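Single-structure report; data block below.
Derivation of every value follows stated rules applied to the coordinates shown; laboratory data play no part. Fair warning: this is a prediction, and the values are worked out from it, not measured in the lab. A quick note on method: Cβ atoms are made from the backbone with ideal geometry, for glycine too, and the neighbour counts reach across all protein chains shown.
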Amino acid sequence: MYTMLGVGTFTALQGCKMKNAETVVSGNAAAKSYVAPGKYDEFYNFVSGGFSGQVAVYGLPSGRLLKVIPVFSVFPENGYGYSEETKPMLNTTAGEVPWDDQHHLTISLTNGEQDGRWLFANANNTPRVARIDLTTFKTVEILQLPNSAGNHSSPYLTENTEYVIAGTRFSVPVGDQDVPISSFKENFKSTVSFISVDKEHGNMDIAFQVVLPGMDLDLSRGGKGPSHDWFFFSTYNTEQAHTLLEVNASEKDKDFIVAMNWKKIEEYVKSGKGKKMQVEYAHNKHNEETHQATSEIEKEVIVLDHSELKDMIYMIPCPKSPHGCDVDPTGQYIVGSGKLAALIPVFSFDKLTKAIGAKDFEGEYHGIPVLKYESVLHGEVKKPGLGPLHTEFDGKGFGYTSMFLSSEIVKWNIETLEVVDRVPTYYSIGHLCIPGGDTKKPWGKYVIAYNKITKDRYLPTGPELAQSAQIYDISGDKMELILDFPTIGEPHYAQGIAASVIKDKSVKIYDISKNRHEYVTMGEAKAKVVRTGNRVDIYMTAIRSHLAPDNIEGVYVGDEVYFHVTNLEQDWDVPHGFAIKNNPNAELLIMPGETSTLKFVPQKAGMYPFYCTDFCSALHQEMQGYLRVSPKGSNVPLRFGTGESAPGVAAK
Amino acid sequence: MKLTKFGKVSVVLIILFLATLWKFPMWDIQLGAPQYPGGLSMQIWINDLSGDVEVINGLNHYIGMKTIHKEDFKEFVYLPLTMMIFMGLGLVVILLNRKKFYYIWTGIFVIIGLMSFYDFYRWLYAYGHDLDPAAPLKVPGMSYQPPLLGYKKMLNFEVMSQPHIGGWFYIAAGVLMVFVCFYEWKKSKTLIK
């Protein structure tokens, strides 16, 4: 009785409080996201790492972190960016840039569908595009972009991965001349780089660059189906402000979506047009046979000014600083998301071509025809929520738009433009992802929200908190929250793909008979130490459970010591690690059949133990050795060996 | 006394059965352990080894077992030669067309078979017992002789040893031969009556 009264009073008191944002999770949510131990997830989810510079791979629907792929940032955990083989990957014309801000990802496409061969990633800060091989989950190529700053509307693809397209968020003077910042309107330009992709090997090259009037190219998407030949970019700061953009770039009621006919531009370039410009940019490639990356500085790029591209570029007015610019699976609708607008405009590709044919222009923007808003508009989604950012599609006729300010996902009908459902996100959603939701063939089963703020969602960890993701089941009419998990770095855009497309192509080991590394050691009998001046090359092998040689003497202070470690194992999941005391560099993780090199320059005489850092076997702890470093000028002879061949050990 | 028609046909069949030894492995040894979810296996052919031999060698160094190399087995030269001669003798049996030679032929097969199994057992015994005294892992009283046929648990490994397709044909050849011998013998007795 008292209890009942107590509960009644408590409820009454609660009723006076403001509602807080507790999650509403329905009964079987746990079952929907539960992947039993030993079972596989249905999808891979590749998620950008934002300021971490890396890419994270999660399983869906479990949210389990499967791997962190090092891309633009050094990764001491496995030696990426520290080993002699991987150092060239992070080389740029500004020297080694060992970090970046990684925002967007796209899986390679064939006929507008994910083919699961490569994953492209952008570096926002020091403009670069990386290619990750999805058989090894390894970064195999990084291409720097000249005439670019703030590589944000990147890397988005044409329908058959003909091009990776990379537009600039920051306008800068093309050709790097020294001009006053206030001369923005005359001197600052936006550029769009068209990066061709080799059909067989995936190798990237800058085919040409299109120079546009100074503005901020925010996001972009390739057309598909009927709009195959086109590419679309959202823009802001068409006011051309160079200071206090918060106010000065929000003046105009409408900015633009740039519609570019890349097919026509390609033909124009093929006819020999375009100006060759002397520039410098780094092109870094990893070779899977030599296990070695190389960095080359390329010197030339073909540049086209928008003024020579008549009938190839048009502007579509779009309300209030559009952010997302997304094309639906049919290729018919282009969704602009004005992040300060109270509606979502949806443009029709058919109307766009008709308006262009009828020259239905309302004016020009620096010589580029501006189409009439109404003549291109399919319709507006009214009152969708606040702060629309990005839209993904389920392939069943619905769009799902993230709302940053009102922290929600809104589902709407593409044809009728009616909002049919909305769910809260926790909190402040940025991007969202439906596996394949940006392609011709979405796997419309889940939508994942990537959030900027977590506040009270998890146990507190001091002032710095994790960002998060939430998975919603969208197989029914209503979106249903089924899981919430923290992420590494700050997730921006992500890609999801059915596991079946890539899992069976995953490489297990590197075939040692195909190892063409310059310093490979083909078998323990060939392990040796070679001195050339003050350079010492150690040809070392690793196999369960010893390193050979494991005793090395005759190395002096100041020598440049290179440990070239070859993992002789040919069995799946038997990597070896390598680390040496006081090395200011990093450690190595060496996969079966691979050779990796760690440089060590001892600063003091002494005994330096080295060992395997990856628990490889029952005798992993015994996998260790010594490097004796003697004072410079002493005459300790160079001696090395393992077991009976070790210096000072008499053969039995 | 002459061979029956069935007897003659059986010789051809047996030769065909034995020819499968060049197409399929004779024996299959499977190993399973928790950290090898897909299992490991090794196939023994009349003239070769296949499967995860290198991986198995890598593991066996812990217990000091000798590494397995194709070159160590002279059998891979002698056995194919023996079998080819034996198959040739089959043709001779048809030509001579005498029951007596069929019995002798069968006898030779039984001897080859027994010797082969004894040889196989000897190898398994040697690998299982001739261990490096300096091996990292020594379990007192433990030997690692894989079973000739059937299942055995050794430390963290489960081992299953059984005939492969070629082996089954080899066994079938032997069974058929012995059966035909009885058949021929029976026939000859009824004729005498």
note = Scalar couplings 3J(HN,Hα) for the range A:418-435 by Karplus 6.51 cos²θ - 1.76 cosθ + 1.60 (θ = phi - 60°), nearest whole Hz, x for Gly and Pro, are 8, 6, 10, 6, 8, 9, x, 10, 10, 10, 6, 5, x, 7, 9, 8, 10, x
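Rg(Cα) of the range B:64-156 divided by 2.2 N^0.38 Å? Kindly include the intermediate steps, with their values, before the conclusion.
Numbers: Rg = 19.1 Å, N = 93, 2.2 N^0.38 = 12.3 Å.
The range B:64-156 yields a ratio of 1.55.
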inquiry  = Averaged across B:51-62, how many Cβ atoms of other chains sit within 10 Å of each residue's Cβ atom?
reply    = 3
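Sorted from largest to smallest, which semi-axis lengths in Å does the alpha carbon gyration tensor of the range A:337-451 give for its equivalent ellipsoid, taking the root of 5 times each eigenvalue?
On the way: eigenvalues 158, 53, 31 Å².
Ellipsoid semi-axes (Å, largest first): 28, 16, 12.
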query = Which distance in Å, rounded to a whole number, links the C-alpha centroids of the range A:311-363 and the range A:369-415?
reply = 12
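Let me check against my output: what whole-number percent is the relative contact order of chain A, with C-alpha pairs under 8 Å and at least 6 apart? Mind showing how you got there, number by number?
On the way: 1809 pairs, mean separation 69.7, N = 652.
Rounded, it is 11 percent for chain A.
Which value in deg cm²/dmol, rounded to the nearest 500, describes the helix-derived mean residue ellipticity at 222 nm for chain A, given -39,500 (n - 2.57) per DSSP H run of n ≥ 4 and division by the residue count? Write out the running numbers ahead of the final one.
Numbers: 8 runs with 53 residues, N = 652.
Value at 222 nm, helices only, nearest 500: -2000 deg cm²/dmol.
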key: Estimated vicinal HN-Hα couplings, Hz - the range A:599-614 in sequence order (Karplus 6.51, -1.76, 1.60; Gly, Pro = x)   = 8, 9, 10, x, 9, 9, 5, x, 9, 10, x, 10, 6, 7, 9, 10
request  = Please identify every one of the trypsin sites (Lys or Arg not before Pro) in the range B:46-124 that sits in a loop by DSSP and has no more than 16 other beta carbons within 10 Å of its own beta carbon.
outcome  = B:66, B:74, B:98
ask   = For the Cα atoms of chain A, what angle does the longest principal axis make with the long axis of helix A:2-15, in degrees from 0 to 90, nearest 10?
value = 70
query = What's the FRET efficiency of residue A:416 with residue B:117 using the Cβ-Cβ distance as r and R₀ = 56 Å, to the nearest 0.05?
reply = 0.10
For the range A:426-468: rounded, prolate or oblate by the Cα gyration tensor [a/c cutoff 1.5] = prolate
request  = Calculate how large, on average over all directions, the projected area of the Cα convex hull of the range A:512-645 is; give the answer in nm² to one decimal.
outcome  = 7.7
ask   = Taking the mean number of other Cβ atoms within 10 Å as a proxy for protection, how do you rank B:23-35, A:229-241 from highest to lowest?
value = A:229-241, B:23-35
remark   = Note to self: C-alpha centroids of the range A:142-180 and the range A:207-256 sit apart, in Å, by 12
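Please report A:152, B:129 as a ranked list, fewest other C-beta atoms within 10 angstrom at the top and most at the bottom. Don't skip to the end; give the middle numbers.
Numbers: A:152 24, B:129 11.
Arranged by neighbour count, lowest to highest, A:152, B:129 become B:129, A:152.
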ask   = How many partner chain Cβ atoms sit within 10 Å of a residue's Cβ in peptide A:539-550, on average, as a whole number?
value = 1
Nonlocal amide H pairs with residue A:69, under 5 Å, H built at 1.01 Å = A:55, A:56, A:57
C-alpha center-to-center spacing [the range A:27-73, the range B:117-147] in angstrom = 46
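When ranked by the protection proxy of mean other Cβ atoms within 10 Å per residue, highest first, what sequence do the peptides A:513-525, A:366-378, A:537-549 form? Write down the numbers at each step before the final one.
On the way: A:513-525: 15.2, A:366-378: 17.8, A:537-549: 23.3.
Descending mean neighbour count gives A:537-549, A:366-378, A:513-525.
Around residue B:59, what is the net charge, scoring Lys/Arg as +1 and Asp/Glu as -1 over all other residues with Cβ under 12 Å from its Cβ?
Net local charge, residue B:59 excluded: -3.
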key: Helix-only CD estimate at 222 nm, as mean residue ellipticity for chain B, using -39500 (n - 2.57) per DSSP H run (n ≥ 4)   = -18500 deg cm²/dmol
ask   = So what are the three principal axis dimensions of the range A:354-411 from its Cα atoms, in whole Å, longest to shortest?
value = 38, 26, 17
Percent of C-alpha pairs per 5 Å bin, the range B:5-186, short to long = 1, 7, 15, 19, 16, 12, 10, 8, 6, 4, 2, 1, 0
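For the range A:456-498, rounded, prolate or oblate, judged on the Cα gyration tensor with a ≥ b ≥ c (square roots of eigenvalues), a/c < 1.5 rounded, else prolate if a/b > b/c? Spell out each step's value before the answer.
Values: a/c = 3.66, a/b = 1.67, b/c = 2.19.
In terms of gyration-tensor shape, oblate.
Apply 1/(1 + (r/R0)^6) to the Cβ-Cβ distance of residue A:360 and residue A:601, taking R0 = 60 Å, and write down the FRET efficiency to the nearest 0.05. Mind showing how you got there, number by number?
On the way: r = 68 Å, r/R0 = 1.14.
It comes to 0.30.
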ask   = Considering amide H positions built from the backbone, and no H for Pro or chain starts, which residues 5 or more places from residue A:626, or on another chain, come under 5 Å of its amide H?
value = A:551, A:552, A:610
Reachable lysines from residue A:445, criterion Cα separation under 27 angstrom, eight or more residues apart if same chain = A:32, A:39, A:67, A:224, A:339, A:382, A:383, A:396, A:411, A:478, A:503, A:505
remark   = Quick P(r) readout (the protein assembly as shown; Cα-Cα; 10 Å bins; whole %) gives 2, 11, 16, 17, 15, 13, 11, 8, 4, 2, 1, 0, 0
request  = Pull up all non-local amide H partners of residue A:214: gap of 5 or more, or a different chain, and H-to-H distance under 5 Å with H placed in the peptide plane.
outcome  = A:190
message = Apply the Karplus curve 6.51 cos²θ - 1.76 cosθ + 1.60, θ = phi - 60°, to the phi angles in the range B:91-97 and return the couplings in whole Hz, x for Gly and Pro.
response = 5, 4, 4, 5, 4, 5, 6
